[in-house]
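The values are calculated or read from the model by the stated rules, or taken from the named source; none is laboratory data. Note that this is a predicted model, so its numbers are computed, not measured. Cβ: placed from backbone, ideal geometry, glycine included. Neighbour counts: every protein chain shown. The area values use the complete protein model at the heavy-atom level, side chains included, leaving out ligands, DNA and RNA. Shrake-Rupley method; radii C 1.70, N 1.55, O 1.52, S 1.80 Å.
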Amino acid sequence: FPSHDRIHLFGDMLLNCDRLVILDAHLEDWAIAWIEGLSGKGARVIENRYCEPKKVTLYNGTAKNPKDKSWVRNGIVNDAISGKKIAVFSDSQIELETLHSLLLRKGVTLNSMMKIDSTTSGEQWAKEALQDFDGYLSAHPDTQILLVSPSGNSGIDISIRGFFDRVYCLYCGVLSIK
């Protein structure tokens, strides 16, 4: 369909539907107004206004080597050894496997770690965790370290306040953005 045909088709669907639910974390007011204009119906917006301040630190390697991640790996290992509960999200399964091996070599036990990636996402425990992460973590409070690759990055919602002491996001440029 040419784009003008798709807009007309979308408008027809809006006119004929009883209601439309749009879930988007970045939906802007102009888009809502446009949909209201096409449908002739008012919108009810439910907005998440959670505003607890967060300390965010952004790093990009070192001055000598922008791809050097050893300093952040050391920080994660030190946090793990000191008993902090940490979550690590990455776009690179290889990075997480490296980190997983490093943590095991430093004495962190397998029982205290949960790794969601393409090698584990098909296992029953991982399926249960991905369906209800809050429930899974509540049932397994001994989980100290969560490692999540792209296999688990979409759809995970952890809303238990204070469960993790630190959250790390390691983006290595493995996934492209369209």
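What the table shows:
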| quantity | calculated |
| --- | --- |
| Test: residue 84 is over 20 Å from residue 166 (Cα atoms) and either touching a residue at least 12 places away in the same chain (Cβ under 8 Å) or basic (Lys, Arg) (or both) | no |
| Residue check, residue 108 touching a residue at least 24 places away in the same chain (Cβ under 8 Å), assigned to a loop (DSSP other than H, G, I, E, B) and at negative phi | yes |
| Sole exception among (1) within 17 Å of residue 156 (Cβ to Cβ); (2) open to solvent by 30 Å² or more (accessible area, probe 1.4 Å) for residue 111, by number | (1) |
| Qualifying residues in region 1-56 (those that are more than 30 Å from residue 168 (Cα to Cα) and among the aromatic types (Phe, Trp, Tyr)) - the one modelled with the lowest pLDDT | 1 |
| Selection within region 70-96 - out of contact with any Asp or Glu (no Cβ under 7 Å at 6 or more places or on another chain), of a type outside the set (Phe, Trp, Tyr) and either open to solvent by 70 Å² or more (accessible area, probe 1.4 Å) or part of a loop (DSSP other than H, G, I, E, B) (or both) | 74, 78, 81, 82, 83, 91, 92, 94 |
| In region 115-170, residue modelled with the highest pLDDT [restricted to those that are surrounded by 12 or more Cβ atoms within 10 Å (Cβ to Cβ), part of a loop (DSSP other than H, G, I, E, B) and of a type in the set (Ser, Thr, Tyr)] | 143 |
| Meets criteria (among the hydroxyl-bearing types (Ser, Thr, Tyr), surrounded by 10 or more Cβ atoms within 10 Å (Cβ to Cβ) and at pLDDT below 75) for residue 62 | yes |
